[in-house]
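Asks: To start, I am sharing the structure in question, which I have written as structure tokens.
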Amino acid sequence: DVTNELVATAYVDDRVRIYWKNPDWENDYKIIKSKLPDKELNVASTTKDERLWMIVANSDREPGARYLFDRDTKKLTYQYSVFDKLPRAALAEEKPISYKSSDGLVIPAYLTLPVGVAPKNLPLIAFPHGGPWGRDSWGYSSIAQFLANRGYAVLQPNFRASTGYGKKFLNAGNNEWGQKMQDDITWGVKYLVDQGIADPKRVGIMGGSYGGYATLAGVAFTPDVYAAAVSIVGPSNLLTLLNSIPPYWESIRTIFNERMGNPNTEAGKAQLVRQSPLNSANRIKTPLLVVQGANDPRVNKAESEQIVVALRDRGFPVEYMLAPDEGHGFARPINNLALFTEAEKFLAKHLGGRSQESVSPAISTRLAEIMVDPKTVVVAKKVEVSPSSPKPAAELTPGTSTYKASLSAGGQTIPMDVTHTVSDGNGVWVVTETAQMPMGTMSDSSMVSKGTLLLQRRIIHQGPATIEVQFADNKATGTMSMNGQSRPISADLGGVLFADGAGANDAVAALPLAEGYTTTFRNFDIMAQQVKPRLLKVEGSEKVTVPAGTFDAWKVVITPAEGIGETTTIWVNKADRRVVKITNVLPQMNGAVATAELVK
């Protein structure tokens, strides 16, 4: 409060509990509570003298209403509600429940039942939360309400490893992915079946991120429990998930190794392999809808497709949604609408709930674009990349070019001006790119060998950060410095690096490009400190118009050999090998697109 004294402490278990320290605040809170008895209340803001409070009131059937409270007059005045067109009377009650898991541990959960239907032999959706180090809380849940509206009972379990229930409960989930953590969900289903609420033949499971993993684990490890499943960006390979953590998140990596399992030990790796649903895909027989973002940096698209193929080839129902403009989670509204339109139809087909028959033209169009016929899915084969590099057909040309560039993400576009310079550096080419952005300047300099165009050194400056890396004897060594602190860079490359850093596009343009030309090479992801094999293919030629003019150009597409990483498209002028346009799709930025066009 204005005296900087503690007003109250709040604890969240089934509901919020408040222990007041300030009696005046407590009295006013009780006045408001008497007028809004079924709501959770939060003082969102106050005037400087704390006479006026802005109150947010919410509940399981109230997404959020705002009130102004005058502490002098004790008058509470309604202001507005979010989602004001949503009929509150049609919403379902969310009840806190608890049950015992396989080892007797009591699991807290929330149960939402459809309105106007007897709670007997209902189709059930288990909806585990993401994280997994998070929790569900009592309050308005759009997904639970959506599913309840379609006739399903909805179970939201706070399985062990959920936060907010103390360290013992949190630590009980250590190394238990797919095991006791999964039991906590399974035993919740059994509890509702035993209570007569759920029909054991019409149980589904659905979730995103960790909830997607739990969905895949549910159908892989307990295939007889579920009659339908929807996995949304769910990791199926825990080793891939852990490998996606960059070295500069070392403290987070330590936590993951402690909580999930340590892939650097023989026992830990064996455990993670065992707990990965991908390795038990041959046991899945539940109808499954797999939802994937093509640019997901944590969930390998190829591994999701292996699960799709495993069900398809064994004759079990499987559907596949692949959004080319999404990453680890769907951000675009049209994609979310398409996702839940398809999910409700899928669940209705296999569990007997309701689904809306009419679909808007925009959603129908989007579904046609992102639903993939499982018959067309081909599991990508591992590509062997030679430790040597492709041989250039030309040298670099000294000079300076300018590009008009932009970065588009989340509906916003950031403009950039890029200056690209190639100069003779006494035995090496020095290629420097300087980008002027609204948030400052970034420069990237690469030194590449003449003739071979192999990367020897790279220096990056951006704000307070500086990265310097040397590449020699198939090793990368250097430092990453920021605000007076440095981290070492050290990695075994297994070969030489080509078309990497500031000179990457120049090196590509120097290759013997022709219709159908293909090659492979290595890049080095500095932040992840991992080698990234790349595939290059000339996909024909195009007339390209950019600010510098119209050019007859080779269209060169560079993709990640292992299914994870950015996709780069480069247009190279046939006449003089100048790079006239570049696009990069960046999965690490949830599918952001960087574009650069030649100005002069």
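The values are calculated or read from the model by the stated rules, or taken from the named source; none is laboratory data. This is a predicted model, so every value here is computed, not measured. Note: ideal-geometry Cβ built from the backbone for every residue, glycine included; neighbour counts use all protein chains shown.
Asks: Failed condition for GLU384, given (1) part of a strand (DSSP E or B); (2) not assigned by TED's automatic domain parsing to the domain that holds LYS450, with all others met?
Replies: Result: GLU384 fails condition (1) only.
Asks: Still on this structure, I have one more. So TYR403 fits all but one of (1) surrounded by 15 or more Cβ atoms within 10 Å (Cβ to Cβ); (2) not assigned by TED's automatic domain parsing to the domain that holds ALA548; what number is the exception?
Replies: All conditions pass for TYR403, except number (2).
Asks: Considering the range 157-167 alone, what residues qualify as being closer than 16 Å to PRO96 by Cα and in contact (Cβ under 8 Å) with a residue 60 or more places away in the chain?
Replies: GLY164, TYR165
Asks: While we're looking at this one, here's another question. Would you call GLY516 surrounded by fewer than 20 Cβ atoms within 10 Å (Cβ to Cβ), in the same structural domain as GLY503 (by TED's automatic domain parsing) and not aliphatic (A, V, I, L, M)?
Replies: yes
Asks: Scan the range 218-231 residue by residue and report those that are surrounded by 24 or more Cβ atoms within 10 Å (Cβ to Cβ) and outside any loop (DSSP other than H, G, I, E, B).
Replies: GLY218, VAL219, ALA220, ALA228, ALA229, VAL230, SER231
Asks: Something else: Quick check on VAL430: is it in contact with a Phe, Trp or Tyr (Cβ under 7 Å, 6 or more places away or on another chain) and not assigned by TED's automatic domain parsing to the domain that holds LEU322?
Replies: Criteria not met by VAL430.
Asks: Are any residues in the range 24-70 of a type in the set (Asp, Glu) and either under 17 Å from VAL2 (Cα atoms) or at pLDDT below 95 (or both), and if so, which ones? Before the answer, list the steps.
Replies: Within the range 24-70, the subset of a type in the set (Asp, Glu) is 24, 26, 28, 38, 40, 49-50, 60, 62, 70.
If the condition is that a residue be of a type in the set (Asp, Glu) and either under 17 Å from VAL2 (Cα atoms) or at pLDDT below 95 (or both), then ASP24, GLU26, ASP28, ASP38, ASP49, GLU50, ASP70 are the ones that fit.
Asks: Enumerate the pairs (first residue in the range 326-342 and free of Cβ contacts under 8 Å to residues at least 24 places away in the same chain; second residue anywhere and crowded, with 17+ Cβ neighbours inside 10 Å and among the acidic types (Asp, Glu)) with beta-carbon separation below 8 Å, excluding pairs fewer than 6 apart on the same chain, so at least 6 apart or on different chains.
Replies: If the second residue must be crowded, with 17+ Cβ neighbours inside 10 Å and among the acidic types (Asp, Glu), the pairs left are ARG332/ASP325; ARG332/GLU326.
Asks: Going through the range 132-176 one residue at a time, which ones are among the acidic types (Asp, Glu) and farther than 30 Å from ALA348 by Cβ?
Replies: Across the range 132-176, the qualifying residue is only GLU176.
Asks: Taking interchain pairs and intrachain pairs at least six residues apart, which have beta carbon atoms under 8 angstrom, with the first residue in the range 399-422 and of a type in the set (Asp, Glu) and the second modelled with pLDDT under 95 and surrounded by fewer than 16 Cβ atoms within 10 Å (Cβ to Cβ)?
Replies: Cβ pairs passing all conditions: ASP417/GLN436.
Asks: Working only within the range 336-378, note down all residues that are in a helix (DSSP H, G or I) and of a type in the set (S, T, N, Q).
Replies: Listed by number, the residues that qualify are ASN336, THR341, SER364, THR365, THR376.
Asks: Looking at the range 498-511, can you tell me whether even one residue there is more than 22 Å from PRO398 (Cα to Cα) and part of a strand (DSSP E or B)?
Replies: no
Asks: Now for a different question. Provide a single number: the residues in the range 265-290 that are buried (at least 23 other Cβ atoms within 10 Å of the Cβ) and more than 22 Å from the chain's Cα centre (by Cα).
Replies: Adding up the residues that qualify gives 2.
Asks: Here are the criteria: (1) in a helix (DSSP H, G or I); (2) under 30 Å from ALA465 (Cβ atoms); (3) under 21 Å from the mean Cα position of the chain (by Cα); (4) touching a residue at least 24 places away in the same chain (Cβ under 8 Å). Tell me which single one GLY211 does not satisfy.
Replies: Result: GLY211 passes all but (2).
Asks: Among the candidates ALA553, ALA575, ALA528, single out the residue that is among the hydrophobic types (A, V, I, L, M, F, W, C), in a loop (DSSP other than H, G, I, E, B), in contact (Cβ under 8 Å) with a residue 12 or more places away in the chain and in contact with an Asp or Glu (Cβ under 9 Å, 6 or more places away or on another chain).
Replies: Numbers: ALA553 fails: in a loop (DSSP other than H, G, I, E, B); ALA528 fails: in contact with an Asp or Glu (Cβ under 9 Å, 6 or more places away or on another chain).
It is ALA575.
Asks: Here's a follow-up. What single numbered condition from (1) free of Cβ contacts under 8 Å to residues at least 24 places away in the same chain; (2) crowded, with 24+ Cβ neighbours inside 10 Å fails to hold for GLN195?
Replies: GLN195 satisfies all of (1) free of Cβ contacts under 8 Å to residues at least 24 places away in the same chain; (2) crowded, with 24+ Cβ neighbours inside 10 Å except (2).
Asks: Using beta carbons and a limit of 9 Å, which pairs, at least six apart or on different chains, have the first residue in the range 129-140 and at pLDDT below 95 and the second one surrounded by fewer than 19 Cβ atoms within 10 Å (Cβ to Cβ) and in a loop (DSSP other than H, G, I, E, B)?
Replies: Close Cβ pairs (under 9 Å, with a partner that is surrounded by fewer than 19 Cβ atoms within 10 Å (Cβ to Cβ) and in a loop (DSSP other than H, G, I, E, B)) amount to GLY131/THR163.
Asks: Hey, among VAL546, VAL538, VAL557, VAL572, which residue is touching a Leu at 6+ places or on another chain (Cβ under 8 Å) and farther than 17 Å from LEU513 by Cα?
Replies: Of VAL546, VAL538, VAL557, VAL572, the one residue that is touching a Leu at 6+ places or on another chain (Cβ under 8 Å) and farther than 17 Å from LEU513 by Cα is VAL546.
Asks: Count, please, the residues in the range 38-69 that happen to be loosely packed, with under 15 Cβ neighbours inside 10 Å, assigned to a loop (DSSP other than H, G, I, E, B) and under 38 Å from the mean Cα position of the chain (by Cα).
Replies: Matching residues across the range 38-69 total 1.
Asks: Only one residue in THR397, THR402 is part of a strand (DSSP E or B) and among the hydroxyl-bearing types (Ser, Thr, Tyr), so which one is that? Show your work before the answer.
Replies: Values: THR397 fails: part of a strand (DSSP E or B).
Within the list THR397, THR402, the selection yields THR402.
Asks: Now, a different point. Given ASN262, ASN295, which one is part of a loop (DSSP other than H, G, I, E, B) and surrounded by 22 or more Cβ atoms within 10 Å (Cβ to Cβ)?
Replies: Sole residue among the options that is part of a loop (DSSP other than H, G, I, E, B) and surrounded by 22 or more Cβ atoms within 10 Å (Cβ to Cβ): ASN295.
Asks: Examine the range 371-382 for a residue that is in contact with a Pro (Cβ under 9 Å, 6 or more places away or on another chain) and among the small types (Gly, Ala, Ser), and state whether such a residue exists.
Replies: No - not one qualifying residue is present in the range 371-382.
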